[in-house]
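Trainee: Questions regarding the structure given below will be posed in turn.
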Amino acid sequence: MAGIKGIGEARTYDGSDLRIGIIHARWNTQIIDALLRGTLQTLKASGVKEQNIVVQSVPGSYELPYAVQKMYTASQSQASTAAGGVLSSATDLLSQSTTDLTSMGSGKESGSGSGGGANKSSKQPFDAIIAIGALIKGSTMHFEYISDAVSHGLMKVQLESGCPVVFGLLTLLSEEQGLERAGIDAAGKGHNHGEDWGKGAVELGVKRRGWGEGTFVE
């Protein structure tokens, strides 16, 4: 009999206009690397452009909430700087003669050409950030303290920033559980949860934009 646990009906969202951040811990690398691969594959399959995916790492899972907060702040700074550059360029254009503007519009003097900027990375704030880590229970209370602190920290950052944070922290009772949830267990029974996190980030990114515009995307 099949279990009832799972995300339910699969839905497809267009991530081609999104900018997604990923921050992962480096502890338990075998598990983390597989989860990261699954996340990236799903993001790209959902249309998110490779140049609009920013991947960072921190030593351990305890640092994830701080890193998420700073990544989002950095993306906001990039957006502000980019906006300032656009305003400056517009001011420069207005100060030029009509002849100069016509020349630039034709692309003969500006260096523009077919496909120019097609691969330029976005400087908009992140639409969602995925936090990936793997904690494996040992013989002390370290596991419980870190699991609880990171879980609450990520939720707090998400609510305070308004940026969706996908919870990619595995809290594991054994190494085998981690291998299964990374889809790399010897028996081949597992599923790479990174794939779910990538889909979740795209869905939340799209819905967040809709909510910001006063619309509801389903």
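Trainee: Let me confirm something: among Leu204, Leu172, which residue is over 14 Å from Ile31 (Cβ atoms) and either free of Cβ contacts under 8 Å to residues at least 24 places away in the same chain or of a type outside the set (Phe, Trp, Tyr) (or both)?
Mentor: Leu204
Trainee: If you don't mind, another one. Between a first residue in segment 48-60 that is in contact (Cβ under 8 Å) with a residue 60 or more places away in the chain and a second residue that is surrounded by 15 or more Cβ atoms within 10 Å (Cβ to Cβ), which pairs have beta carbons less than 6 Å apart while being 6 or more apart in sequence or on different chains?
Mentor: Short answer, once both residue conditions are applied: Val48/Gly15; Val48/Leu18; Val48/Ile20; Asn52/Arg19; Asn52/Ser122; Val54/Gly21; Gly60/Ala25; Gly60/Trp27.
Trainee: Of the conditions (1) of a type in the set (D, E, K, R); (2) outside any helix (DSSP H, G or I); (3) touching a strand residue (DSSP E or B) at 6+ places or on another chain (Cβ under 8 Å), Arg37 clears all except one; give me its number.
Mentor: For Arg37, the failing item is (2).
Trainee: Then there is this: Do we find that Lys189 is modelled with pLDDT under 95 and either of a type in the set (D, E, K, R) or more than 13 Å from the chain's Cα centre (by Cα) (or both) in this structure?
Mentor: For Lys189, the condition - modelled with pLDDT under 95 and either of a type in the set (D, E, K, R) or more than 13 Å from the chain's Cα centre (by Cα) (or both) - is met.
Trainee: State whether one or more residues within segment 161-170 are over 15 Å from Val68 (Cα atoms) and either at pLDDT 95 or above or touching a strand residue (DSSP E or B) at 6+ places or on another chain (Cβ under 6 Å) (or both).
Mentor: Looking through segment 161-170, at least one residue is over 15 Å from Val68 (Cα atoms) and either at pLDDT 95 or above or touching a strand residue (DSSP E or B) at 6+ places or on another chain (Cβ under 6 Å) (or both).
Trainee: Is one or more of the residues making up segment 70-77 part of a helix (DSSP H, G or I) and of a type in the set (Val, Ile, Thr)?
Mentor: Yes, the conditions are met somewhere in segment 70-77.
Trainee: Any residue in segment 69-94 that's at pLDDT 95 or above and surrounded by 11 or more Cβ atoms within 10 Å (Cβ to Cβ): show its pairings with residues that are in a helix (DSSP H, G or I) and not acidic (Asp, Glu) at Cβ separation under 6 Å, as long as the two are six or more apart or on different chains.
Mentor: Gln69/Val157; Tyr72/Ser161
The values are calculated or read from the model by the stated rules, or taken from the named source; none is laboratory data. Computed from a predicted model, the values in this text were never measured in an experiment. Using ideal geometry, Cβ is built from the backbone for each residue, glycine included, and neighbour counts are taken over all protein chains shown.
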